[in-house]
Amino acid sequence: MLLRNERPFALPSESLADFTLSFCFSTGDITQKGYEKKRGKLLSPYIPQIQGEAAAPSQITLDGKHNSTLEPNLHTEAVQAALAKYKERKMPMPSKRRSVLVQSSVEACTPPDTSSASEDEGSLRRQGRIASSTPYQAHPNVEHWFNRVIQGSSTSSSASSTSSHPGGRPHAANSAANTVLADLMAHTHLDNHSAPPDVTGLSERSMHAERPQVASVRGHPRGFNHASVMETGDGVPVNSRVSSKIQQLLNTLKRPKRPPLREFFVDDFEELLDVQQPDPNQPKPEGTQMSPLEGDPLGVVTNWPPALLASLQRWGTMYPKSPCLTALDNAGKAVYTLTYGKLWTRSQKLAYTLLNKLSSRNEPLLRPGDRVALVFPNNDPVMFMVAFYGCLLAELVPVPIEVPLTRKDAGSQQIGFLLGSCGVTLALTTDACQKGLPKAQTGEVATFKGWPRLLWFVTDGKHVVKPPKDWHPPIRDASNEIAYIEYKTSKEGSTMGITISHAAMLSHCHALTQACGYTEGETITNVLDFKRDAGLWHAVLASVMNRMHVISIPYSLMKVNPLSWIQKVHTYKARVAVVKSRDMHWSLLAQRDQRDISLISLRMLIVADGANPWSISSCDAFLNVFQSRGLRPEVICPCASSPESMTVAIRRPPEMGIPPPGKAVLSMSGLSHGVIRVDTEEKLSVLTVQDVGQAMPGARVCVVRVEGTPYLCQTDEVGEICVSSGTIGVAYYGLPGMTKNIFETIPVTSSGSPISDRPFTRTSLMGFIGPDNLVFVVGKMDGLMVVSGRRHNADDVVATALAVEPMKFVYRGRIAVFSVSVLHDERIVVVAEQRPDASEEDSFQWMSRVLQAIDSIHQVGVYCLALVPANTLPKAPLGGIHISETKQRFLEGALHPCNVLMCPHTCVTNLPKPRQKQPGTGVGPASMIVGNLVAGKRIAQACGRDVAQLEDNDQARKVHFLYMQDVLQWRAQATPDHPLFLLLNAKGTVASAASCLQLHKRAERVAVVLMEKGRLNTGDHVALVYPPGIDLIASFYGCLYAGCVPVTVRPPHPQNLATTLPTVKMIVEVSKSVCILTTQAIMKLLKSKEAAAAVDVKTWPLVLDTDDLPRKRPLQIYKPPTPEMLAYLDFSVSTTGILAGVKMSHAATSALCRSIKLQCELYPSRQIAICLDPYCGLGFALWCLCSVYSGHQSILVPPLELETNVSLWLSAVSQYKVRVTFCSYSIMEMCTKGLGAQTEALRLRNVNLSCVRTCMVVAEERPRITLTQSFSKIFKDLGLSPRAVSTTFGCRVNVAICLQGTAGPDPTTVYVDMRALRHDRVRLVERGSPHSLPLMESGKILPGVKVIIANTETKGPLGDSHLGEVWVSSPHNATGYYTVYGEEALHADHFNTKLSFGDTQTVWARTGYLGFLRRTELTDASGERHDALYVVGSLDETLELRGMRYHPIDIETSVIRSHKSIAECAVFTWTNLLVVVVELEGPEQEALDLVALVTNVVLEEHYLIVGVVVVVDPGVIPINSRGEKQRMHLRDGFLADQLDPIYVAYNM
């Protein structure tokens, strides 16, 4: 143990003139003359000249809080040296929208300096965005201090260039802010399985663009600069700035690949988190077992009073004029001196009044032993003292608490729980304080959140009466009854009351008197809070015991005049002063003005927080300055205490003949492993600690292991200090379990035998016993953070952060450090208040330097570093940061930071090993398949009912039509007036209708136009560009009559031509349409000036309008030679952004209609309601084909009309008493959100849904269970049966694979293990088990459809309940792609593929969706056991990360759940980074709260590290007409810098 007696010098620091006094535990040091020379000498061997960091000799610096690492005078140097070791390296700076920077605090309204016009790389200027309330309004070009990203279209990556900003000067690309973060991640990063597109060779030119404000629908392209756009390897246009940031991120995240995990494909594989294996070289304790330390015996004093109150009575009657307490005002003037006589009489009066004059219903309100709250402000010690002793005299139990300032003070709710659990009904306070409390409307004191109902009694009012002559308060000998309750707040923020007995109170006063050598009549100045802790023990209890005179310095005076306590020591010739490190520190800042003060009278300067690691630097600095004013070095007496054990140890005053004080320079790394090693080599990471003196008289002290059984520590091991004595707290009030753990610990030796029969109390102080039996404290249990098995102390981390650039950046040194548990380990979070004048670049630079410093000195990564505006962190009663409340806000997403840097890549080292496919583990077909079993399981195949057995006697079936045009002609003859279609408008009235004959005649006229006007040939392709309606249906049949092939195309949106028209143009071109049929209005639109801006209007094919048709019939109606001929083309854009058209033959079209007719039991007498888009897939088939085939009446509800009348669809269903209805997820969502609160109003309008037997959601995705369930729940009140809602499944190769239909069992739901799904396995689990994911069956397989599940790689069949690709075979499969725009070659086998073994003859079509089949216990209509098909997700959409397969929807669901303001979320990958885009539905200041929550939830639930978090406005994530997210569009928009994000965070 290295112990020294000489005192090192104090720390340098930076100008503190503007460091206004606010209590924030900040303490630190001051320079002295000649310090610079010494510093140069000390540091020259270690540091290559630190870049311009040397402070000028005239500057004072404050290390802000403390300098715990290294000899105290070297903490800042240690940090600077650590930073100098790092090479500067580029790191992406977060992008932020202008308005997010507007800080919310009053002091934050200093506009940044706008004189410098230097522009950040890629920053933009833009006016007109900011609300008029922001303080920056006057500076339209202050954008130089933040990074911007340009907004573009939310759905398309087409854009136009904009004018460049006139005054912008390009700035050097490697701007300081972007180069700061160095290799602090040198040892960590991502595995890149596939080489990412190289985006390093980009021009890093500055872009300056000024965007005109576009007052239009979202999705209007707002342009980006073409000069800086290039294409990546996969043809996506990328803006250089976004991708170069991502490239920077990838460069920062290089980590060696991990070895493959063996026995990978064992079926019951559990994803194992990496457990940190202890380092074999880590230091272990080597000393012998410690022996308990005995304090001096408590001395026997002849005239020692039997109780504290006996003392009060004695002094009050024998020395009534003797001063007891002097109170000061904010100017430092003595306003009142309480004498012992006054204290005695006033306490008696109060005691008598409380016992006799307060009653309720003629019963006395209080009885002896009742608890009473004492609510007194910090500037009124006199009234507090009277109230405290008044309660003791009345045998009531005082519970001193802080004055609540607002109804929602940080932690005040917890105080309320304490008062409630103590059964407090009465609160004592002063008149002035009572007037200042928040009031309810009745004028009474408001009830605070979580508080019980209290009666408030004013102790200095007229109600306090004189007791009668014959009344005397009972003064009993000190017993084990409760004397008072002191509160403490735990690490988690809960408040406990510690009960102190009369006996403990008396013996603690006795021990303090002996240890401090208190004598009768001494003067003591007290700066601490007199309501609890050392302030109460020394200045309220021990002082009365010894008839001492207390000078009480209020906190408010210290704020105004930090020197006041020293002046009072000088004025009153005080012998003792009780202070904290911060008081010494503050007095240093102001001492220059004072020449004539002397501290020679002090025999003892008690440093109450001497156990804090940073107190040593304050003590040393204070001594340096005040030694010349008479302060003797040996007078400084640090002490250690805790609420449970009261004073644990204190350094004795010099006259007691004690050994000299000690200092130890300990290795930080050793401490993190819990061992004490004197540090010799590594000068950077050490902790210098001072002793806190000897154990208290009459106490036994030992040190025990922190976790598990309380074994005694070895002599060189750090543990928790435990105390056994008569001077400590008794229990936590009302918490017997916790009391047993803390107050009744029995330490045991290594052999397991108890060291004594008396219980010990745990002090929550971590430390060891040094030489000379001195006690050393190195931290508190409350600040302990165990990361990967190593211990770190929150205070030490704060010290390091503050030493980076103490006062330049952090507002008043306010930094909070705590740990949160993410993925089974503690993660360190640092939150700092930044000064109002700090720029974005400053903050980013400071953040990266803090990360480096903490990494270097503590060898631990910081998980999250957040900056909040000045004065916004929750405050503790004396102005410090309320840590547990800050942590709570962080976890709830209510901290509202203005800057965040997450470093999950650096810290999270316990992820499961990445999955690596093992070569040679493929099992051959021969060993797998036996009969219809694969590896012992039934082959996963299923089929719908047989069509042949279902033939019925419908006329249409007898004729056995193969062509839809024949069916329509036949119906026009057989039932000419039968109504087929009703189209509703937004009001719910019929806009148009068509019977069989009307439709047939209209179709004939269209055919005439095509043949005569269009001169079209048989087989020509015709694009039908119509709004949803009967014209579309008539034109479709008109094409069939003329022998043309129709292609239905969604018309362009008139307000949004720029993004919707190119899609129309593309379909027309790709489908090789020779003619466009449309309405006059759309025809004008296609050729308008606006259209010309978006596409080349000269290249449209022939456009014909069908508004005025000639009343002519065609000479003949076309008859196709074979049913295999092409009937129509079905074009759609997939969610991955691929445009493809599939070919539907006449045979497949009629087979599809037949299958749907049988499944849904559709007859001419039926009505169905359809609220779908009629342009592709099943929506088109239901809208245009099924009614004609089956003869039922379709009520058509165009989805667009719901935007003006949300209840249109459900009202129609109710009005027409529809049994079967179809909708899409987007419609269901509109109804759920828009009508959720209006069910009562709908019921009054007689909307009744009890008629509905099946309501089917048409989808090409995994069923959205939560949406369907909430829809069912909301509309249950309108009679909707919970069994009615179901989903369908279809895809491009077959638009209708599953449909619930009217017969057959209800859809089933299973729960699968989400972790097993990532490995392409299905493991069924119970509902509610961890990682469970509910999957709903996608409806019943249609008649004539066969489904099998195949392995995506081997193409072999899979067993029951195995995940694979769904393959389908049916007469209504499409016959092939007409084209896949851009991916023609890849998809040749989609329509005709065969199994690699087993049934190798059947031709299947691959759906591109992963799913599984499961045989259920239910029976279907044919009496067989029912096979359920569960669709898990599209294969194209899955993300391959860490060797596993993830479905975006699962990650998105977790993210949406993580914060109430996340409206929507979409994820995609880019160069192996997971990018999460969230829509923020709430104030922009919440944007940065989401970054940590999103990162946490994805880590916890999916074991993935998020690379980039993008926060955008609602409506930015593009969604197609089916309600599916267009993630690839979003990705393109992000990379082309078109999303106008509120914030982009690049996780390190």
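The values are calculated or read from the model by the stated rules, or taken from the named source; none is laboratory data. Please read these numbers as outputs of a predicted model, since none were measured by experiment. So basically every Cβ, Gly included, is an ideal-geometry build from the backbone, and we count neighbours across all protein chains shown. Remember, those area values only see protein heavy atoms, side chains included, never the ligands or the DNA or RNA. Shrake-Rupley method; radii C 1.70, N 1.55, O 1.52, S 1.80 Å.
Observations on the structure shown:
- Accessible area in the full protein assembly, largest first, 1.4 Å probe, for K96, K1119, K913: K1119, K913, K96
- Phi angles of the range 769-776 translate, via the Karplus equation with coefficients 6.51, -1.76, 1.60 and θ = phi - 60°, into HN-Hα couplings of 9, x, x, 6, 6, 7, 8, 10 Hz per residue; Gly and Pro are given as x.
- Take every DSSP beta bridge whose two residues both sit in the range 543-686; close to 45 percent of them are antiparallel.
- Whole-percent carbon and sulfur share, accessible surface of the range 622-747, 1.4 Å: 56 percent
- Scaled radius of gyration (Cα, divided by 2.2 N^0.38 Å) that the range 1087-1161 gives: 1.65
- Length released on extending from L455 to F1397, taking residue separation times 0.36 nm less the Cα-Cα span: 330.7 nm
- D757 - accessible surface, heavy atoms, 1.4 Å probe, Å² rounded to 10: 140 Å²
- Coarse-grained scattering of the range 1279-1403 at q = 0.17, 0.23 Å⁻¹, given as base-10 log I(q)/I(0) from a Debye sum over alpha-carbon atoms: -1.08, -1.36
- Carbon/sulfur fraction of accessible area - the range 978-1118, other protein chains in place, 1.4 Å, %: 54 percent
- Pair S756, E1440: separation of 7 Å Cα→Cβ label points (nm): 6.7 nm
- Heavy-atom accessible area ranking, 1.4 Å probe, most first, across T1106, T339, T1453: T1453, T339, T1106
- Value of relative contact order over the range 687-820, rounded to a whole percent, pairs C-alpha under 8 Å and six or more apart: 21 percent
- D (Stokes-Einstein, µm²/s), Kirkwood Cα radius, the range 667-739, 1.002 mPa s at 20 °C: 144 µm²/s
- Centre-to-centre separation between the Cα atoms of the range 1148-1193 and those of the range 314-380: 88 Å.
- Of all accessible heavy-atom area on the range 755-807, the percent that carbon and sulfur account for (1.4 Å): 48 percent
- Global geometry of the range 1107-1251, whether rounded, prolate or oblate, following the gyration tensor of its Cα atoms and the 1.5 cut on a/c: prolate
- Nitroxide proxy distance, nm - points 7 Å out along Cα→Cβ at N773 and E892: 5.0 nm
- At R0 = 35 Å, FRET efficiency that the Cβ-Cβ distance of K1087 and E1229 yields, to 0.05: 0.45
- Each peptide in 1285-1296, 1330-1341 receives the mean, over its residues, of other Cβ atoms within 10 Å, and ordering these scores from highest gives 1285-1296, 1330-1341.
- Gyration tensor (alpha-carbon) shape descriptor, the range 823-883, a/c threshold 1.5: oblate
- Dipole moment magnitude, nearest 20 debye, the range 1417-1548 about Cα centre, only Lys, Arg, Asp, Glu C-beta charged: 260 debye
- With DNA, RNA and ligands ignored, accessible area of L1139 (1.4 Å probe; Å², nearest 10): 10 Å²
- Listed values for the range 1156-1171 are Karplus-derived 3J(HN,Hα) couplings in whole Hz (6.51 cos²θ - 1.76 cosθ + 1.60, θ = phi - 60°), namely 5, 4, 5, 5, 9, 6, 9, 10, x, 7, 7, 10, 10, 10, 10, 10, and x replaces Gly and Pro.
- A Förster distance of 41 Å, applied to the separation of the beta-carbon atoms of K1346 and Q859, puts the FRET efficiency at 0.10.
- Other-chain or far-sequence residues with amide H under 5 Å of A991's (modelled H): L983, L984, N985
- Antiparallel bridge percentage (DSSP; both residues within the range 431-570; nearest 5): 65 percent
- Rounded accessible area of Y1377 (nearest 10 Å², 1.4 Å probe): 40 Å²
- If the chain linking H824 and Q627 were pulled fully straight, counting 0.36 nm for each residue of separation and taking away their Cα-Cα distance, it would gain 65.8 nm.
- Inter-centroid distance (Cα atoms) of the range 1085-1118 relative to the range 1301-1338, Å: 49 Å
- Rounded to the nearest 20 debye, dipole of the range 629-778 from Cβ charges on Lys, Arg, Asp, Glu: 340 debye
- For R1166, the residues whose modelled amide H falls within less than 5 Å of its own, excluding neighbours fewer than 5 places apart on the same chain, are Q1193.
- Computed from the Cβ-Cβ distance with R0 of 30 Å, the FRET efficiency linking L1115 to Y1163 stands at 0.30.
- Potential extension, S291-D431 segment - 0.36 nm per residue separation minus Cα distance: 45.0 nm
- The listed residues D1420, D460, once ranked by accessible area (1.4 Å probe) with the largest placed first, stand as D460, D1420.
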